[in-house]
Amino acid sequence: MNPEVSVKEPHTGTLCYHCGQPCEEKLWLDEKVFCCYGCQTVYEILNANNLCRYYQLDLHPGLSQRKQTDENFLYLDEKPIRKKLLSFDSDHFARITFSIPAIHCVSCIWLLENLQKIDAGVLRSETNFTQKSVTIDFNPTHTKLSHIAATLHSLGYAPLITLDGTKSNKKTDNKALLLKLALAGFCFGNVMLFSFPEYLGIARADAFLTRVFSWLNLLLSIPVFVYSSSDYLKSAWKSFTQRQINIDVPIAAGLVALFFRSAYDILSHTGPGYFDSFTGLVFFLLTGRWFQNITYESLAFDRDFKSYFPLAVQKKGNDRWESVIVHQLLPGDQIRLRNMEIVPTDSKLISAPTFIDYSFVTGESRPVNANPGDLIYAGGRLIGQPAEMVVEKSVSQSHLTSLWNNPAFGKTNESQYKKMIDRAARRFTWIVLFLAFATAVYWQITAPTQMWLVLTSVLMVACPCALALSAPFTFGNTMRVLGKHKLYLKNADVVERLAAINSVVLDKTGTLTHGEKPKIEFIGKLTDEERAAIHALTGASSHPLSMMITSSTFSDSPKVISNFKEIPGQGVEGVIDGQTYRVGSAEFVGASSLPSAGGSSVFISINKEVIGYFLISTSIRKNIKRMIHALGNKMDALLSGDKETQSDELRKLFPQSTLFFFNQSPHDKLEYIFNLQLNGKTVLMVGDGLNDSGALKQSDVGLAVTDRAGTFSPACDGILEGSQLGQLDKFIALSKSSIVILKTAFVISFLYNALALTFAVSGHLTPLVAAVLMPLSSISVVGFSTLAVTFTAKRKLS
């Protein structure tokens, strides 16, 4: 039951409890005052859902509702609109990303990430503060998209909805920065001009001229303070309102101190002030920021990483199927997926009904039925027999990458360097402020006329940005280099974990061996019809041995498969032309004895009668012997689900300390990795991502080897193209070198700050020089990291 709401007299200085705006009319509720019914309604919603901690995180965190209008969001429930806006849609799970321009503080983030407490249909919400967006997962059977949008609107976070999609406009940001820079440059030049009489001592003979020039300098400095330096002032103010301290606080403090001290000198006729230093300071700060932006964009590694997502898929062209990389797909292309392959982009199913596992998207493994004409969303994994689809949208590399980085597939290991940098950055600003205060006291006693300039220099020159940027740019550029050599890592944290590896475990089939030119012989007899059936059945599987058999049993006679099943580590089964075919291990098909010849054996049975087997002799990948020798005692074990074939040949490649395990189930592989970790090992597992996904997830770093296939485990940390496996030792060595480069960048950053602060505190550094040095320090560390990684990569990977 709601308490009574009363309307009282017009505004007398009271601030709204929700938004902090002056109350023109006072609305009272629960002994709290509100400026309008909108703010009061938001409070009631939060109070009813026990979310009033929102007001403890910040004072008056909400946005005023007085100017908000009731909008009708019902159009969002229309099917064509939903199709354009939702990145995923099913009966019980949907995902939408809203642009929320009103996100401005930690309270906003906290509230938006607790939407499930307000709307029971919301499953999860995640805020991206820098992009001012929120991604919401919800159950369409429990809530509507229109209701979610209306709830956001009522809370003061009206979503910005555009049916053409939204793209960040960096040109607009750069234009605003250039305008501020141009204004600061114009005013700085003129202030310098009006200060020449003071520099040359001419103004002492004419007090009137001194006052005129001083007032002109003040007038020219006001727009620089209000407009050109507004980014620093706003950032510092938001930092204070959120009870946080960021790097812009000392800069803003220096600007405010210098401006108001100079204004006081002019207004009180005690001196000409320091407006030449103030305007020059802002000009050089903005110049440094602009130069930083240009430098960082030219060194950007994120773009390169997302441009090489190495999934391949079969596309129909010229009446035949060919394998293409997914980023080459266009709307209207016809594609075919095999069992366990990932749908690379939103596509329409045109073949028989099938099942799609959306665990890659939702984190929950629950296959859903898909019928002809249904839209299959990117990230779904095909379960069962092959399916044909028509591409609806171009492939979004960044969307696939974001799915790969789903927290459901993450590992608990936290970056040690990230933790250290976060701690240092938090304490750094407080240390600078303390030093600035102590410096001001000292100089006020010894040389009061120099105090303001020295204080400003101290506040300006210190910068933790170089420290904060060293890790992401070092690891990011390492990722970029590895990507060019066809090792694609999930995120930058993997580089740090890869550098710590002291134990390597390899899978055999499809990893150590490959089927580029396999020798395949069938022992037994096959009719043309049986060969065509086996071609179709193995063509539905993405296992390396199945793909080799498919390529060796080419048939123009298409076959329809029903009741398709694939059992990891055992084989495939399906009904073709009324007969049940099984292809796989001896136990799976019911073979009583094993062949004595070397190589991998794949048995065939029809209606439970074994008719023979394929003997497949595969070769070891290129440069494997050199790589294993380089890894030495780190090479712990070889795990294989196959029989003990080629063991003599394999043992010649590995050190005597390497253990060999055959007939290993997926669980056996996971258990072995777990036991190594219990013994203190940091484990790298390299497999094909099919029968060893559990081991890849359990390991500290899991790499899935691929040969232009559309399958890999989302739990893996990286995808390695098969031809590059022989470079594995070099990739680990480069990761270790990146740690050395990072530590060197830390040393450079600390030395810069120590030396710069020493010169500034002693009065040997002017504010203008400090303003130039601050961005140069960041650029120097970023440049060093980039060049060092590039140089080291050329030396180690050549």
From the cross-link list Lys490/Lys697; Lys625/Lys697; Lys132/Lys348, which pairs have alpha carbons spaced over 20 Å apart?
Lys625/Lys697; Lys132/Lys348
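Which order do you get for Ser723, Ser125 if you rank them by accessible area with a 1.4 Å probe, largest at the top?
Result of the area sort, largest leading: Ser723, Ser125.
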Take peptides 634-642, 583-591 and line them up by average Cβ neighbours within 10 Å, highest first, as a rough protection proxy.
634-642, 583-591
Which residue, Ser557, Ser585, Leu537, has the largest displacement toward the positive end of the dipole of region 514-619 when charges sit on each Cβ (Lys, Arg +1; Asp, Glu -1)?
Ser585
When every protein chain stays in place and a 1.4 Å probe is rolled, Val361, Val740, Val772 sorted by accessible area with the largest first are Val740, Val772, Val361
With every protein chain kept in place and ligands, DNA and RNA left out, what is the accessible area per residue of region 310-390? Probe 1.4 Å, answer in Å².
41
Contour minus end-to-end for Glu671 and His142, with contour as 0.36 nm per residue of separation and end-to-end as the Cα-Cα distance?
186.4 nm
With the 1.4 Å probe rolled over protein heavy atoms, region 728-783 has an accessible area per residue in Å² of 39
Once label points are set 7 Å from the Cα along Cα→Cβ at both His92 and Val226, what is their separation, rounded to one decimal in nm?
6.0
Show Met548, Met340 ordered by accessible area, largest first, where the area counts protein heavy atoms only and the probe is 1.4 Å.
Met340, Met548
Just report the Cα centroid separation between region 261-292 and region 533-585, whole Å.
77
I'd like to check one number: the per residue accessible area of region 481-554, probe 1.4 Å, reported in Å² as a whole number.
37
If the limit is 21 Å between Cα atoms, which of Lys79/Lys393; Lys508/Lys634; Lys393/Lys486 go over it?
Lys393/Lys486
Could you rank the peptides 377-388, 525-536 by their average count of other C-beta atoms within 10 Å per residue, with the highest value first?
377-388, 525-536
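The values are calculated or read from the model by the stated rules, or taken from the named source; none is laboratory data. What you are looking at is a predicted structure, and each value in this text was computed from that prediction instead of being measured. So basically every Cβ, Gly included, is an ideal-geometry build from the backbone, and we count neighbours across all protein chains shown. Note: accessible area is taken over every heavy atom of the protein model, side chains too, but ligands, DNA and RNA are not part of it. Shrake-Rupley method; radii C 1.70, N 1.55, O 1.52, S 1.80 Å.
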